[in-house]
Amino acid sequence: MLYFSKLRILFITLFSVLFILIASSNVFKFDDSFFDKKINLGLDLQGGSYLLLEIDNEPVIEQKLQNLTTTIRNFFKEKNIKINNIKIDNQNIFFNVTDNDKQSVLDVFQDENSDLNPYYPRFKSHQLEIEDTGLNFKVSFSRQGLIKLKTSSQDQAIEIVRRRVDEVGTNEPNILKRGNNRILVELPGLDDPMRIKSLLGKTANLTFRFVTNDENDRFGVEKLKFENGLEEATVSKRIIISGENLLDAQPKMDTQANQTIVSFTLDRVGAKRFGKATSTGIGKQLAIVLDGKIISAPVVRDTIASGSGQISGGFTFQTATDLALLLRSGALPAPLEIIEERTVGPDLGQDSINAGMIALAIGFMLVIIFMFVKYKIFGLITNVTLIVNLFILLGVLTLFEATLTLPGIAGIILTVGMAVDANVLIFERIKEELKDETNNILAFDGGYTKSRTAILDANITTLLAAIILFFMGSGPVKGFAVTLGVGIFTTLFSVYFIARLFTSIYVSRNKDKEKLI
Amino acid sequence: MIAFNKYYNHFNLLSSVLIVVSLLLLIFKGLNFGIDFKGGTLIELRASDSKINVSSLRDRFNQMDLGDVSVKKFGNDTDFLVKFENKDNKKNIIEEIKTNLDKSFGNNYDFRRVENVGPKVSAELLKSGVIAISLSLALMLIYIWIRFEWQFSLGAILALFHDVIVTLGVFSLFSLEINLSIIAAVLTIVGYSMNDTVVIFDRVRENLRKYSDIKIFELTNISINETLSRTIITSATTLLALLAIYFFGGEILKGFSLAMILGVVFGTYSSIYIANTVLVRLRVSQKTVLREDEKK
């Protein structure tokens, strides 16, 4: 146990120096890209916002089912099958057919090549499930069908969220999927998340529709409130143009009316439709509806064929800028709800770093003094090992560009406290061995060998706890699991290689000394 | 040699009382869950005007119809922690509060930290916390089962339950807040307490193989004494590190480090007075170990 080959000493030295260098790249700047790594600071240390958004898929499902009823009706009409009493209730479509048609309807829904009910061979499942009781059918999304629907709306939503966040221009946002209906947004360094929160909270569904008094409008009508919540207007359900037709939107100052407006440019289809609608609808009120509320409803005075126009609605410059941003980045497929938010201001983050560093320094000093007082020369060895251990730990965290959080710093301090355990186990064992063993070298050998199982057991139990924490914990707590877990490996390395190297050198030079420890 | 075994019965009684009291506290008083597990909103506020104090803040917040509001000093005189239920999970609640506070305090305050946890998320966090702790106990049980004889596993697990329950009992008694970091602390305590127990058990087993004529009652005492200085030194350095976190690591880590300090103290105690007494009560002897050795 005490013999070290030259090669091994070289390896240990190189390994330690390498990690010390990597760790120091957090402070010094190296030209080499390999050393140009840094430990990431968690949001709790650098300040910023963590937002967990949940997609409300209900409206999407409702809409899809709505479309589906039309599709089903038309599909079977072509086949001369009459579908009766089709209606949607509680996310199910209900309808009934005559006795003759029952089997053909079932066949269509169970056909693996049917366009009506797509089949996913990978999951051995159709998009829709059909149940029949007598001549009554119940159609609903299958499990896989729902999953597909959710992931696809999640894909769309994350894209829109990314565009909106990018437009605001925060540095290095982190936007990730969580499950199949959530999106995690991490915004480092953001002091005031209010604006982003309000931007993400809006679906931004824009439509231009005529105000009508005709209750029997062919497309149906609905009563909508104005943005101010006071007035109301009856609006046709016929959509002239929608947000999808927009090419661009910008906030502008209308100098004539002395108000801020949002000017927009339409794509070809949109321009054509807008032109037609404004030419036939002169004198009518055109409602501009955003997320079910009327922004404004100007009277059409002229045909607008240029494919550009403007929205006014008593905006401040800020609200106009945000509206333009929302219109440029597109509408969300479904509303988002912020179900978890954690925001830390930058000055609190800095305070946490300072407090963490002071605690680390003090904890370290206390442990070092204690060990030196208790073990003298072997305490010194432990302390040197402890310092190298700390650097290797920081080096590993740097190498993997791990995220350091406040609990993570606590994990490092705790590692310092617990890292001496292995050395203490060994030294105490050596002391015991020396009671009946006169040969120092044999006693040291015995100390290392006999303490090994206890050390392994002890570290594996802590490691198990750290692993569970890593997989179950979230955010800052994960950072704790990382430092604690990595700390176990670096501790074992430094105890069995570095500390043992020092002890072996010391013991072989003091072979015959009495009361070694 | 210290005669730890002289007090086995006394401390077993004490531990039983502690566990029963803790369980009663947990059942009847319950735990003070923070917003992580209960849902709600937390604001850490720093004031730059002496007009802003706990009572003036409480007055202001109570007028805002936010449900149950708690306002506390946080660390020093200028920092405050405000918590409320935010039952309806209102969207722009922070904005509303800011406008409202501006009216009475002007610009003399700053929100340093805002956390808002919806009811769905808090329920999930609580569930995953409970799963994490149960899973860690189960894993420890399996690990120690593989490594030791069943009598040892039982002793170690009883010691673990003792540590977790009594630590939570103290949190319940003093209404200390349970949040995500406390779960992390409890898991670490589980690891630490196990670590401590395993070291003594390792020695007990070694001594069982060595001495056939010493009764387990004596043998555990010998093993505890042999490992005592290690137990003391490791607990001491770990406590030193934890005390440094508690006193210098800032307000946010206070609950975490306190839980850990309690855990280390209970863990060290239980390794000696619970884990070992189980071996004594189960009359573990050299045969127990040798029988297992043969199987392997």
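Within the range B:170-180, is even one residue in contact with a strand residue (DSSP E or B) (Cβ under 6 Å, 6 or more places away or on another chain), of a type in the set (Gly, Ala, Ser) and either free of Cβ contacts under 8 Å to residues at least 24 places away in the same chain or surrounded by fewer than 20 Cβ atoms within 10 Å (Cβ to Cβ) (or both)? So far as the range B:170-180 goes, yes, one or more of its residues are in contact with a strand residue (DSSP E or B) (Cβ under 6 Å, 6 or more places away or on another chain), of a type in the set (Gly, Ala, Ser) and either free of Cβ contacts under 8 Å to residues at least 24 places away in the same chain or surrounded by fewer than 20 Cβ atoms within 10 Å (Cβ to Cβ) (or both). Give the residue that is nearest to the other protein chains (Cβ to nearest Cβ), with candidates limited to residues of the range A:309-330 that are surrounded by fewer than 20 Cβ atoms within 10 Å (Cβ to Cβ) and under 25 Å from the mean Cα position of the chain (by Cα). Checking each candidate, the answer is A:GLY330.
Which count do you get for residues in the range A:177-188 that are surrounded by fewer than 16 Cβ atoms within 10 Å (Cβ to Cβ) and touching a helix residue (DSSP H, G or I) at 6+ places or on another chain (Cβ under 8 Å)? Total satisfying the criteria: 1.
Only one of B:LEU126, B:LEU139 is without any contact (Cβ under 8 Å) to a residue 12 or more places away in the chain and crowded, with 17+ Cβ neighbours inside 10 Å. Can you tell me which? Reasoning before the result, please.
Values: B:LEU126 fails: without any contact (Cβ under 8 Å) to a residue 12 or more places away in the chain.
Exactly one of B:LEU126, B:LEU139 is without any contact (Cβ under 8 Å) to a residue 12 or more places away in the chain and crowded, with 17+ Cβ neighbours inside 10 Å, namely B:LEU139.
Specify the residue that is farthest from A:ARG143 (Cα to Cα); the eligible residues are those in the range A:83-107 that are assigned to a helix (DSSP H, G or I) and of a type in the set (Asp, Glu). Here the residue is A:ASP99. When B:VAL190 is tested against (1) touching a residue at least 40 places away in the same chain (Cβ under 8 Å); (2) assigned to a helix (DSSP H, G or I); (3) more than 7 Å from chain A (Cβ to nearest Cβ), only condition (3) is not met.
Going through A:GLY446, A:GLY395, A:GLY363 one at a time, which residue ends up being within 12 Å of chain B (Cβ to nearest Cβ), crowded, with 19+ Cβ neighbours inside 10 Å and in a helix (DSSP H, G or I)? Show your work before the answer.
Numbers: A:GLY446 fails: within 12 Å of chain B (Cβ to nearest Cβ); A:GLY395 fails: within 12 Å of chain B (Cβ to nearest Cβ).
Every option except A:GLY363 fails the conditions.
Listed conditions (1) surrounded by 22 or more Cβ atoms within 10 Å (Cβ to Cβ); (2) over 21 Å from B:MET194 (Cβ atoms) are all met by B:SER271, apart from (2).
Would you call A:ALA454 within 10 Å of chain B (Cβ to nearest Cβ) and in a helix (DSSP H, G or I)? Here the answer is yes, as A:ALA454 does meet what is asked.
Results for (1) touching a strand residue (DSSP E or B) at 6+ places or on another chain (Cβ under 6 Å); (2) assigned to a helix (DSSP H, G or I); (3) buried (at least 19 other Cβ atoms within 10 Å of the Cβ), shown as yes or no for each residue.
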| residue | (1), (2), (3) |
| --- | --- |
| B:LEU14 | no, yes, no |
| B:VAL20 | no, yes, no |
| B:THR78 | yes, no, no |
| B:LEU101 | no, yes, yes |
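Selection of first residues in the range B:246-261 that are in the same structural domain as B:SER175 (by TED's automatic domain parsing) and surrounded by fewer than 19 Cβ atoms within 10 Å (Cβ to Cβ) and of second residues that are of a type in the set (A, V, I, L, M, F, W, C) and outside any helix (DSSP H, G or I), restricted to Cβ pairs under 8 Å at least 6 apart or on distinct chains, gives the following pairs, ordered by first then second residue: B:GLU251/B:PHE74.
Can you tell me which of A:PHE502, A:PHE480 is within 30 Å of B:GLU124 (Cβ to Cβ), touching a helix residue (DSSP H, G or I) at 6+ places or on another chain (Cβ under 8 Å), of a type in the set (A, V, I, L, M, F, W, C) and in contact (Cβ under 8 Å) with a residue 60 or more places away in the chain? Testing whether each residue is within 30 Å of B:GLU124 (Cβ to Cβ), touching a helix residue (DSSP H, G or I) at 6+ places or on another chain (Cβ under 8 Å), of a type in the set (A, V, I, L, M, F, W, C) and in contact (Cβ under 8 Å) with a residue 60 or more places away in the chain leaves just A:PHE480.
Just one of the numbered conditions (1) crowded, with 23+ Cβ neighbours inside 10 Å; (2) within 12 Å of another protein chain (Cβ to nearest Cβ); (3) not β-branched (Val, Ile, Thr) is not true of B:GLY155: (2). Under the condition of being within 13 Å of chain B (Cβ to nearest Cβ) and basic (Lys, Arg), the residues counted in the range A:464-517 number 1.
Looking across the range B:222-245 at every residue that is more than 20 Å from the chain's Cα centre (by Cα), surrounded by 19 or more Cβ atoms within 10 Å (Cβ to Cβ) and among the hydrophobic types (A, V, I, L, M, F, W, C), the one that is nearest to the other protein chains (Cβ to nearest Cβ) is identified as B:ILE233. When the range A:144-190 is filtered for residues that are touching a Pro at 6+ places or on another chain (Cβ under 7 Å) and part of a helix (DSSP H, G or I), the ones remaining, listed by number, are A:SER153, A:GLN156, A:ALA157, A:VAL165.
Checked against (1) closer than 29 Å to A:GLY363 by Cα; (2) outside any helix (DSSP H, G or I), B:THR234 meets all criteria but (2).
Look at (1) at the interface with another protein chain (Cβ under 8 Å from one of its Cβ atoms); (2) within 26 Å of A:PRO193 (Cα to Cα) and you find that B:GLY67 fails only one, number (1).
One residue is enough: does the range B:199-219 have a residue meeting the conditions closer than 16 Å to A:ALA419 by Cα and more than 7 Å from chain A (Cβ to nearest Cβ)? Looking for residues that are closer than 16 Å to A:ALA419 by Cα and more than 7 Å from chain A (Cβ to nearest Cβ), one finds none in the range B:199-219, hence no. When the test is whether a residue is crowded, with 22+ Cβ neighbours inside 10 Å and out of contact with any Lys or Arg (no Cβ under 9 Å at 6 or more places or on another chain), A:ALA402 does not pass it. If you go through the range A:401-422 and keep only what is of a type in the set (Asp, Glu) and more than 7 Å from chain B (Cβ to nearest Cβ), you end up with just A:GLU401.
Of all the criteria given as (1) out of contact with any Phe, Trp or Tyr (no Cβ under 6 Å at 6 or more places or on another chain); (2) over 29 Å from B:ILE200 (Cβ atoms); (3) at pLDDT 95 or above, the one not satisfied by A:ILE369 is (2). Scanning the range A:130-162 for residues that are charged (D, E, K, R) and at pLDDT below 90 turns up A:GLU131, A:ASP132. Taking the stated definitions as given, is B:THR78 out of contact with any helix residue (DSSP H, G or I) (no Cβ under 8 Å at 6 or more places or on another chain), farther than 28 Å from B:ILE189 by Cα and modelled with pLDDT of 90 or more? When the stated conditions are applied, B:THR78 passes them.
Got a sec? Which of B:LEU125, B:LEU135 is more than 25 Å from A:ILE460 (Cα to Cα), within 14 Å of another protein chain (Cβ to nearest Cβ) and part of a helix (DSSP H, G or I)? Don't jump to the end; show me each part of the working.
Details: B:LEU135 fails: more than 25 Å from A:ILE460 (Cα to Cα).
Testing whether each residue is more than 25 Å from A:ILE460 (Cα to Cα), within 14 Å of another protein chain (Cβ to nearest Cβ) and part of a helix (DSSP H, G or I) leaves just B:LEU125.
Flag not set for A:ILE304, criterion: buried (at least 21 other Cβ atoms within 10 Å of the Cβ) and either part of a loop (DSSP other than H, G, I, E, B) or touching a helix residue (DSSP H, G or I) at 6+ places or on another chain (Cβ under 9 Å) (or both).
The values are calculated or read from the model by the stated rules, or taken from the named source; none is laboratory data. Quick caveat, the model's predicted, so the values are computed rather than measured. A quick note on method: Cβ atoms are made from the backbone with ideal geometry, for glycine too, and the neighbour counts reach across all protein chains shown.
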